Amino acid sequence: MAHLATRFRYGTDRAVSGVSALTGAISGAASIWIFCLMLLICADIAGRTLFNTPVQGVAEIVANSIVAIVFLQAAHTLMSGRMTRTDLLLGWLEEERPFAASVLRLVFHAAGLVVFALIAQGTWPKLVDAWVEEEFFGAQGVFTAPVWPIKACLFFGSLLTCLAFFTQMLRDLNRLLNVGRVSPLRIRHSVLTQPRGWPVLVGFAVILILAYAVFIADFDRITIGIAAIGFMLLFILSGAHIAVVLMVLSFVGIWLIRDNPTVAVRSLALAADGAINRYLFGVVPLFVLMGLVVDAADIGRDAYRVAAWMLQRIKGGLGMATVAANAVFASITGISIASAAVFSRVAVPQMVANGYTNRFALGVVAGSSVLGMLIPPSLLLIIYGVLAEQSVGALFLAAIVPGALLAFVFGLGIYLMARFRPQMVMQSDRATVIEGETWGSAVRKLVPIGALVVIVLGGIYSGIFTPTEAGAAGAAAAIIVALLKGSLSWSRFWRVLVDTGLVSVSILLLIVAASMYSRMLTLSTIPQEMTSMFASLGLGLMGFMMVYLVLVVIMGMILDSTSIMLILLPLALPIVTELGGNLIWFGIVTVIAVEIGLLTPPFGLTVYVVKATISDRNTKLGDIFAGTFPFVLMMTLVTLILTFIPALSLMFE
């Protein structure tokens, strides 16, 4: 028996290593594909601007390429542990009840295998038809390309993801048999001697039984939709991959509502193929690429050094410098998590060395990093624009005043704390000294930053670039800046490309899942019923907004920003429209409310990023959450101001 267990462990390790190598190679090729799309769009911009000769078919190539890239990289995203999920329950189980954690993971990975197998099944007829009928995309006489290679990438990418889920199931079985390697959590005892967490497993079994009861019962479509929403929240909290949960429950919901599994399979395949087959979605990997290159070029460090040198003589000056640098960094990258990682390494040591309290230093870094998702170009605003079918450029314009207001309130709050509650900010009275900077060095550091801001935001606001083109031009300019600074080696650039793919796919897969989830909700008539209910209650738009904001903040305590928007917006958008709300204004308020959740326990994603990045491992999560509390209050104040004064978000409309 021991010999069989050893052979199983050996075989599992070899399978996981082999699949990881295979998926990594394919994902790497897809990452190069993203870089080539950047070059193609830049060539189109140059040809159109300089020679009045645009490259034909760019929009179609980018739109179809995004579909192929996502499914080619989905498997490696899973193998790398980057497919979005919440570890609130599962993380605790892995440390305290590893047996229960392995059982749950086995079920979740089996569900993922089934989902991607269904996508492959639904895609296969489309692949055959595209090959036999020689389908093409583009315009005849201008530009055409065959469709079947894109369908093939989707089909084989889905099968590869099935293989990845299967190897994860083997790993889960390995852990259950207690013959695998010791987990990274350094579990001290054997699975056989640890408490196994049977109450958790029994509770999860009850949930599955209830789900089966709903499946075989003859409920109306509204009841089915409500049940799907309830089970979705339960499974997400249990630790299942969010995209998989949305797709599974949407698939089952459509099956029950239409009483036809074939329609459900076609809907799943349609979402996989059509949900992100748009030129606009190219903006996601391009802005992620730009943000990661900017990080690699140490532009955040330069912005902080200049701001700290200029503000060092003001009470709380280094805290305000962190806010200012975050605002500048946000105007280039649009990713709050990147801001948190950068300034945890740059600002916290500098502030602590100059007499600031560790708690305040951590709090101001985590708190001000949320500017990355509000100040344009914002990745969350792009996602909202897609989901709400609103102009991304209009959303960027609308975010200028709210972003500046939030940065101003942060700076003012820091100054007031330093002046009237100095013990919250400083641990000593010694003067802050930032050495090594001059006006000349400051200008040299600010020039590339200013150039990137002008290229990205100036290009969008002037109408020269679409958001996707601005992402490509910004990424190319960031690469040039990094090369000129000598901070981008080949190995570092390759790491940036790989991370670009993993981050982008984790977002775009959620959008694919949300597309099917939205269709299921529409078929269930829940959005229509909720709209009628709120209209009949007579709460009005502001009454609904108060309920909505509370719900967003609560969900932010356990879910990431993108997931919250994908879950709530299909329900909320029809209500806001019916009540006469402006969807551009609603998007700004939604984004800042969602970002509050990044700072609140127990999930607080930004807080966890700061904790993982700082060098002082003795710092407790509670200290960081306590440090962010004043910024949560400031964000709440700004959210309420923007909610009750919509004109602040519509000044440039």
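The values are calculated or read from the model by the stated rules, or taken from the named source; none is laboratory data. Treat the numbers as computed from the prediction; the structure is a model and nothing was measured. So basically every Cβ, Gly included, is an ideal-geometry build from the backbone, and we count neighbours across all protein chains shown. Heads up: the accessible areas ignore ligands, DNA and RNA and are worked out on the full protein's heavy atoms, side chains in. Shrake-Rupley method; radii C 1.70, N 1.55, O 1.52, S 1.80 Å.
In table form, for the structure just shown:
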item	result
In the range 110-141, residue nearest to LEU173 (Cα to Cα) [restricted to those that are aromatic (Phe, Trp, Tyr) and either modelled with pLDDT under 95 or open to solvent by 70 Å² or more (accessible area, probe 1.4 Å) (or both)]	TRP124
Subset of the range 362-373 (residues that are over 14 Å from the mean Cα position of the chain (by Cα) and not hydroxyl-bearing (Ser, Thr, Tyr))	LEU362, GLY363, VAL364, VAL365, ALA366, GLY367, LEU371
Residue under evaluation ASN64, criteria (1) closer than 30 Å to VAL142 by Cα; (2) of a type outside the set (A, V, I, L, M, F, W, C); (3) without any contact (Cβ under 8 Å) to a residue 60 or more places away in the chain, criterion not met	(3)
Pairs, first at negative phi in the range 549-564, second crowded, with 20+ Cβ neighbours inside 10 Å and of a type in the set (D, E, K, R), C-beta under 9 Å, six or more apart	GLY556/GLU595; SER561/GLU595
When residues of the range 239-248 are limited to those that are touching a Phe, Trp or Tyr at 6+ places or on another chain (Cβ under 6 Å) and in a helix (DSSP H, G or I), the one nearest to GLY225 (Cα to Cα)	LEU246
Hey, ARG345 within 22 Å of the chain's Cα centre (by Cα) and surrounded by fewer than 24 Cβ atoms within 10 Å (Cβ to Cβ) or not	yes
Conditions (1) open to solvent by 20 Å² or more (accessible area, probe 1.4 Å); (2) of a type in the set (Ser, Thr, Tyr); (3) outside any helix (DSSP H, G or I); number of the one not met by THR619	(1)
Given (1) open to solvent by 100 Å² or more (accessible area, probe 1.4 Å); (2) at pLDDT below 85; (3) part of a helix (DSSP H, G or I), number of the condition VAL200 does not satisfy	(1)
Residues (modelled with pLDDT of 85 or more and under 19 Å from VAL288 (Cα atoms)) located in the range 384-398	TYR384, GLY385, LEU395, PHE396
Residue within the range 463-482 that is farther than 30 Å from THR357 by Cβ, touching a Pro at 6+ places or on another chain (Cβ under 8 Å) and open to solvent by 40 Å² or more (accessible area, probe 1.4 Å) present	no
Of all residues in the range 29-79 being open to solvent by less than 10 Å² (accessible area, probe 1.4 Å) and hydroxyl-bearing (Ser, Thr, Tyr), the one that is farthest from PHE493 (Cα to Cα)	SER65
Qualifying helices (runs of 4 or more DSSP H) (wholly inside the range 49-155; at least 2 residues being of a type in the set (Gly, Ala, Ser))	58-79, 98-132
In the range 535-585, the residues that are polar (S, T, N, Q) and open to solvent by 10 Å² or more (accessible area, probe 1.4 Å)	SER536, SER561, THR562, THR577, ASN582
Number of the condition not met by ILE382 [criteria: (1) part of a helix (DSSP H, G or I); (2) more than 24 Å from ALA275 (Cα to Cα); (3) of a type outside the set (Phe, Trp, Tyr)]	(2)
Any hit, the range 499-507, residues being closer than 23 Å to GLY450 by Cα and assigned to a helix (DSSP H, G or I)	no
Subset of the range 315-330 (residues that are assigned to a helix (DSSP H, G or I) and either of a type in the set (D, E, K, R) or open to solvent by less than 10 Å² (accessible area, probe 1.4 Å) (or both))	GLY317, LEU318, GLY319, ALA321, THR322, VAL323, ALA325, ASN326, PHE329, ALA330
Some residue of the range 445-461 being farther than 30 Å from ALA514 by Cβ, assigned to a helix (DSSP H, G or I), open to solvent by 60 Å² or more (accessible area, probe 1.4 Å) and basic (Lys, Arg)	no
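Results for (1) without any contact (Cβ under 8 Å) to a residue 40 or more places away in the chain; (2) buried (at least 23 other Cβ atoms within 10 Å of the Cβ); (3) more than 30 Å from VAL200 (Cα to Cα), shown as yes or no for each residue.
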site: ILE226; (1), (2), (3): no, no, no
site: LEU256; (1), (2), (3): no, yes, no
site: VAL263; (1), (2), (3): yes, no, yes
site: ALA272; (1), (2), (3): no, yes, yes
